[in-house]
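Remarks on the structure that follows.
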Amino acid sequence: MYSKLIIFVLLILYCAIAEGRIFSSRRIKRQTVVSSSANSNGNATNVVNSAAANNYKTIDGTIGVNVSAAGNASGANSANLTGSGSGSAGSQVVQAGGDVSSMGTNAQSVQNMNAALYGSNMSANNFLQGTAQGVGATSTRANGSAIMVNGSQSSPTSSNNSQAMSSASGSQNSNSQSVLNQILSWNTVMTQLFGSAVGNGYGNAYASSNIGSGNAVNGVEGNSVVSAMNTGNGSINTQVNANGTINNNRNQLQANGYGTAGGSGNTTLVQASNLQSNSSGVNN
């Protein structure tokens, strides 16, 4: 009787050990959710645009994501482009995009954006440019963003509201240009901003430019405006430009305004500029 009991106990132990080996040999696979998307839209007489999104995995198991959007819009009166892209792998997310609009007799808008994720590395490049020429009023605007997130932490270089805007007016002619260029990785940033405007006319004319980029830790903002008028319908010339650069923690800013006004009667000429930066290293 005892021998049968011993055999029964040994059998139970054997089954338990075998079952443990089976379960211990099972591999628990962890899946990483990967996604990407991109889009590009344009509105003008002539529009050429494209968008692409790609996910891949290398032979050594590294996950990668590439997204891009590009466009060129041109025509009379207005040219508008909007493009964006987003990629994610697990808790890592990279996003970039923006819009550019131009208004004037001859208007052109250009965008070229790409963002990438490769293993633990992320990067984003975003270029936006608007130009406009004509008689009367012209304006250009470029708005962009580049954001990188890992879990609950955002990159110190991320910026969700970068912009360059210019406008001008003159009965003879006017032109406006706005440029925004962002090149970011997790710890490095190079952002270039440029705005210029010229307005020439009789009696009155104006020109203005506004630029701004960065975040609460590191950012720049600048603007310049010139406005003039003459009650005797005299000749008016106005011109402004503003440019700024964020190069990691060192910023550069410049804004200028020029104006001439002449003729009989009363003449008024106003010029104002403003520069702001919240980085530790600043050149004004």
Discussion item. Tell me whether the range 158-166 contains one or more residues that are of a type in the set (Gly, Ala, Ser) and more than 25 Å from Gln239 (Cα to Cα).
Written reply: yes
Item to complete: For the range 74-95, name all the residues that are within 16 Å of Thr157 (Cα to Cα), among the polar types (S, T, N, Q) and more than 13 Å from the chain's Cα centre (by Cα).
Response: Gln92
Worksheet item: Just to be sure, is Asn241 assigned to a strand (DSSP E or B), modelled with pLDDT of 90 or more and touching a strand residue (DSSP E or B) at 6+ places or on another chain (Cβ under 9 Å)?
Response: yes
Practice prompt. List every residue pair whose Cβ atoms lie under 9 Å apart, where the two residues are 6 or more positions apart in sequence or sit on different chains, the first residue falls within the range 249-273 and is loosely packed, with under 15 Cβ neighbours inside 10 Å, and the second residue, located anywhere, is of a type in the set (Ser, Thr, Tyr) and modelled with pLDDT under 90.
Written response: Asn249/Ser279; Asn249/Ser280; Arg250/Ser279; Arg250/Ser280
Response to the item:
Of the candidates Gly119, Gly83, the one satisfying the condition of being modelled with pLDDT of 95 or more and within 24 Å of Ala53 (Cβ to Cβ) is Gly83
Item to complete: Might you let me know whether the range 20-37 holds any residue that is modelled with pLDDT under 95, in a strand (DSSP E or B) and not small (Gly, Ala, Ser)?
Response: yes
Worksheet item: Would the range 193-203 turn up any residue that is part of a loop (DSSP other than H, G, I, E, B) and out of contact with any His (no Cβ under 9 Å at 6 or more places or on another chain)?
Response: yes
Discussion item. Please pick out the residue among Gly98, Gly61, Gly144 that is on the phi > 0 side of the Ramachandran plot and under 13 Å from the mean Cα position of the chain (by Cα).
Written reply: Gly98
Worksheet, complete the sentence: Screening Ala207, Ala216, Ala228 for residues that are part of a loop (DSSP other than H, G, I, E, B), more than 14 Å from Gln163 (Cα to Cα) and aliphatic (A, V, I, L, M) leaves only Ala216
Practice prompt. Among the residues of the range 144-192, write down those that are over 17 Å from Asn218 (Cα atoms), without any contact (Cβ under 8 Å) to a residue 40 or more places away in the chain and not in a strand (DSSP E or B).
Written response: Ser152
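Please determine, by comparing only the residues of the range 124-144 that are among the polar types (S, T, N, Q) and buried (at least 21 other Cβ atoms within 10 Å of the Cβ), which one is modelled with the lowest pLDDT.
This residue is Asn126.
The values are calculated or read from the model by the stated rules, or taken from the named source; none is laboratory data. Owing to the predicted nature of the structure, the values given are computational and were not obtained by experimental measurement. Methodologically, a virtual Cβ is constructed for each residue, glycine included, from the backbone with ideal geometry; neighbour enumeration extends over all protein chains shown.
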